[in-house]
1. Once both labels are modelled 7 Å past Cα along the beta-carbon direction, what's the Lys112-Asp170 spacing in nm?
2. Which value does Rg/Rh take for segment 91-170 over its C-alpha atoms, Rh per Kirkwood?
3. How large is the Kirkwood hydrodynamic radius of segment 124-260, in angstrom, based on all distinct alpha carbon pairs?
4. Given the whole protein assembly as supplied and a 1.4 Å probe, what does the accessible area of Val190 come to in Å², nearest 10?
5. As I understand it, the dipole of segment 164-275 uses +1 on the Cβ of Lys and Arg and -1 on the Cβ of Asp and Glu, about the Cα centre. Which of Phe237, Gly253, Val225 lies farthest toward its positive end?
6. Within 12 Å, Cβ to Cβ, of Leu125, how many net charges do the neighbouring residues add up to if Lys/Arg are +1 and Asp/Glu are -1?
7. When Lys and Arg each count +1 and Asp and Glu each count -1, what net charge do the other residues less than 9 Å away from Leu164, Cβ to Cβ, add up to?
8. Work out the length of the dipole vector of segment 164-275 about its Cα centre, built from +1 on the beta-carbon of each Lys and Arg and -1 on the beta-carbon of each Asp and Glu, and round it to the nearest 20 debye.
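The values are calculated or read from the model by the stated rules, or taken from the named source; none is laboratory data. Given the structure is predicted, the values throughout are model-derived calculations rather than measurements. When we count neighbours, we look across all protein chains shown, and the Cβ atoms used for this are built from the backbone with ideal geometry, even at glycine. For accessibility, only protein heavy atoms count, side chains too; no ligands or nucleic acids. Shrake-Rupley method; radii C 1.70, N 1.55, O 1.52, S 1.80 Å.
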Amino acid sequence: MVVVSGQPGSSEQTHKKNRRKQSKKKIPGATDIVIDSDLEEDGNPTASTSAQLPPPPADDDDELMIDVDPSAAPLSSAPEFAPLSADAGKTALKSETRRIPIPPHRMTPLKKDWVNIFGPLTEILGLQVRMNVQRKCVEARTSKATKDIGALQKGADFVKAFALGFDVNDAIALLRLDDLYLDSFEIKDVKTLHGDHLSRAIGRIAGQDGKTKFTIENASRTRIVLADTKIHIMGSFQNIKIARDAIVSLILGSPPGKVYAGLRTVSSRMRQRAL
């Protein structure tokens, strides 16, 4: 007698798969519902439904199409502004006021040359200027005629140069040229001198009848004012450096002849650069 042993439940599982395939039913329409029935050991079926979205409708000829003009659409995301007029670039300057103090010993020359001082300030720069005798200062402010934004600063430098002792004709160059500056220093900044040593240093800078000072001015193309122990220089940045180096050498005790030789060399180099 032969006994064939097999895996228990294998025939039942195959039977369930065949029934599952047969029980799947597809219902046509807007939604597809799939019903799965499994027979359990107790014989109770279980059903699961899954809804699917309908396919997109096909394009019909009756669909409304809106024509868009390609020229009306913006080509880029950058904003577009209307062109500005010629007067739009001229911004109105805010009214500013500047007060320039005048030393007491320069009040008399200021009153004497007042016509030559306020004339360039009002005509060239378009400023409003007045002299305050009680406060001993010159007050200037911008007006509607002021065009340059740095006009007030130029006017203040012009009046300050006159207050330091420069001539009006020399100081007016500050209004016409942009590369002119003022530089001031004292003898004690270079070397501490007292008594006769200080007097001799001032004498070496000035020279006999102002010969040394004029030579430095002509060689370096600057203007120099000796006001006791203070020295004021007006000129371009490079020329101020040349004049200051020559004055410093005189303060430290160099003889004028040696300083002249150095100025001759510097002036010849400046002429070659100009050519």
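1. My value for the distance between the label points is 1.6 nm.
2. Values: Rg = 12.2 Å, Rh = 12.7 Å.
The Rg/Rh ratio comes out at 0.96.
3. That comes to 16.4 Å for segment 124-260.
4. Solvent-accessible area, nearest 10 Å²: 50 Å².
5. Result: Gly253, furthest along the dipole toward the positive end.
6. My count for the surroundings of Leu125 gives +2.
7. With Lys, Arg at +1 and Asp, Glu at -1, the neighbours total +3.
8. Computed about the Cα centre, the dipole is about 520 debye.
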